[in-house]
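Computed from the coordinates by the stated procedures, all read-outs in this text should not be read as laboratory data. Small disclaimer: the values here were computed from a predicted structure and weren't measured. FYI the Cβ positions are ideal-geometry reconstructions off the backbone, even for glycines, and counts take in every protein chain you see.
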Amino acid sequence: MKQDCTNLYFLSSIACQLANCLDEKELEVLSADLTTLGYMIESLLTHKRATNCFATPKEMD
């Protein structure tokens with residue numbers, strides 16, 4: 001649980017710094033891009049679990 005709070009604090013700090021540096025339009029674009037990145041990573045992990053396509057030959061044994 002402590003690690004989760006540390007991650008939330010870190011992410012909150014980044015969000016605040018970005019809000020101070022970027023205008024609203026830039027924040028919207030960045031938010032959309034980061035959301036897309038999250039979905040892409042989730043998709044890759046799902047495919048990895050389903051197909052083991054990223055597994056090395058040693059992991060497949």
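Taking the Cα-to-Cβ direction at E42 and at E24 and moving 7 Å from each Cα, how far apart do the two end points lie in nm? The answer from the label model is 2.7 nm. Scalar couplings 3J(HN,Hα) for segment 19-26, obtained by applying the Karplus form with A = 6.51, B = -1.76, C = 1.60 to θ = phi - 60°, are 5, 7, 9, 10, 7, 4, 5, 5 Hz; x denotes Gly and Pro. This model, with +1 at the C-beta of Lys and Arg and -1 at the C-beta of Asp and Glu, gives segment 4-51 a dipole about its Cα centre of some 340 debye.
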